[in-house]
Amino acid sequence: MDGQFDGKVALVTGAGRGIGRACALRLAAGGAHVLALARTPGDLEALVAEGGGRIEAMIGDVRADATIAAIAALPRLDILVNNAGTNKLQPVLEVDTDTLDMLIDLNIRAAFRVAQAAARVMVAQGAGAIVIISSQMGHVGGPRRSVYAMTKHAMEGLTKAMALDLAGQGVRVNAVAPTIVETPMTKPFFEDPAYAAAARAMIPLGRVAQPEDVAEAVAYLASDAARMVTGTSLRVDGGATAQ
């Protein structure tokens with residue numbers, strides 16, 4: 001693992017917790033200098049302390065113009081892990097406008113702007129790898145997930161179209177589509193015994209994914225081992241969408 005990303009600069013959004021945190025640590029372990037972007041200084045402070053001197057905190061909100069400008073102004077960027085996002089479970093008939101707007105704003109609009117700003121830096125230097133954190137809900141549907149599934153289907157479409165736009169300019173774009181992952185965001189869901197049982201029952205491998213499972217897939221797609229891979233979505237779902 002050591003040296004896999006030596007000399008590379010990586011940006012991970014939503015890096016304070018869960019999948020983003022695991023991705024930041026994995027890339028740093030491979031030798032990358034990681035810019036860990038999140039809104040929570042305390043989470044970033046703990047992450048930097050664990051990063052072996054290879055993680056730099058970048059406090060900001062991906063929905064803010066100032067954050068997008070800061071990304072666009074980076075002198076170098078080799079890897080983007082476009083991870084920041086959220087979810088709120090609601091039956092489709094109960095979705096309120098605030099929830100609809102929140103998920104679209106963060107999961108689609110902000111994710112697109114981050115990817116666009118990062119891509120401009122990568123195109124200018126002639127190389128780069130973008131990994132978008134999608135979801136198995138970008139390939140299927142699910143109860144109480146109408147808006148979330150909609151946003152993740154959008155990210156799958158962005159992955160394909162952006163990959164085609166940038167293929168001739170040395171930039172690869174791929175997605176990772178995890179099943180349900182045990183993170184701080186999903187912890188309240190797992191406090192419902194019925195939810196926890198259903199989550200495990202839907203995964204043929206019989207276990208819920210951990211953030212490190214996703215981070216390993218991200219590391220592959222960001223690495224030179226995936227130099228001929230672009231425009232695809234790697235499902236880290238324990239077989240859930242194969243049924």
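Things to note:
- Residues in the stretch 200-243 that are in contact (Cβ under 8 Å) with a residue 12 or more places away in the chain and acidic (D, E): E212, D213, E216, D237.
- Count of the stretch 136-169 residues which are at positive phi and modelled with pLDDT of 95 or more: 0
- Members of the stretch 204-223 that are closer than 12 Å to I180 by Cα, β-branched (V, I, T) and modelled with pLDDT of 95 or more: V214
- Restricting the first member to the stretch 183-196 and to residues that are more than 11 Å from K88 (Cα to Cα), and the second to residues that are part of a loop (DSSP other than H, G, I, E, B) and modelled with pLDDT of 85 or more, the beta-carbon pairs closer than 7 Å and six or more apart or on different chains are T183/R17; P184/R17; F190/E182.
- Subset of the stretch 19-42 that is closer than 10 Å to A215 by Cβ and out of contact with any Gly (no Cβ under 8 Å at 6 or more places or on another chain) - its residue that is surrounded by the fewest Cβ atoms within 10 Å (Cβ to Cβ): A22
- Listed conditions (1) of a type in the set (K, R); (2) on the phi > 0 side of the Ramachandran plot; (3) crowded, with 18+ Cβ neighbours inside 10 Å are all met by R172, apart from (2).
Listed here are the residues, each with its yes/no results for (1) touching a strand residue (DSSP E or B) at 6+ places or on another chain (Cβ under 8 Å); (2) under 14 Å from N82 (Cβ atoms).
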site: R144; (1), (2): yes, no
site: T159; (1), (2): yes, yes
site: G168; (1), (2): no, no
site: A177; (1), (2): yes, yes
site: A196; (1), (2): no, no
site: D224; (1), (2): no, no
site: M228; (1), (2): no, no
site: G238; (1), (2): yes, no
site: T241; (1), (2): yes, no
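- Selection status of L27, farther than 18 Å from A110 by Cα, modelled with pLDDT of 95 or more and within 19 Å of the chain's Cα centre (by Cα): yes
- So A32, is it within 20 Å of R227 (Cα to Cα) and of a type in the set (A, V, I, L, M, F, W, C): yes
- Exactly one residue out of I132, I79, I104 is crowded, with 16+ Cβ neighbours inside 10 Å and free of Cβ contacts under 8 Å to residues at least 60 places away in the same chain, and it is I132.
- Taking the criterion of being surrounded by 15 or more Cβ atoms within 10 Å (Cβ to Cβ) and in a helix (DSSP H, G or I), the residues of the stretch 221-243 that qualify are L221, A222, A226, A240, T241.
- Number of the exception - T97 against (1) hydroxyl-bearing (S, T, Y); (2) touching a residue at least 12 places away in the same chain (Cβ under 8 Å); (3) surrounded by fewer than 18 Cβ atoms within 10 Å (Cβ to Cβ): (2)
- Unique residue being on the phi < 0 side of the Ramachandran plot and within 14 Å of the chain's Cα centre (by Cα) when the list is I79, I68: I79
- Some residue of the stretch 186-202 being in contact with a Pro (Cβ under 7 Å, 6 or more places away or on another chain) and within 25 Å of L158 (Cβ to Cβ): no
- Being out of contact with any Leu (no Cβ under 6 Å at 6 or more places or on another chain) and crowded, with 20+ Cβ neighbours inside 10 Å holds for only one residue in A161, A209, and it is A209.
- Among the residues of the stretch 134-154, those that are among the aliphatic types (A, V, I, L, M) and either part of a loop (DSSP other than H, G, I, E, B) or touching a Lys or Arg at 6+ places or on another chain (Cβ under 9 Å) (or both) comprise M137, V140, V147.
The values are calculated or read from the model by the stated rules, or taken from the named source; none is laboratory data. These numbers were taken from a predicted model, which means no experiment stands behind them. No Cβ is skipped: glycine too gets one built from the backbone with ideal geometry, and neighbour counts run over all protein chains shown.
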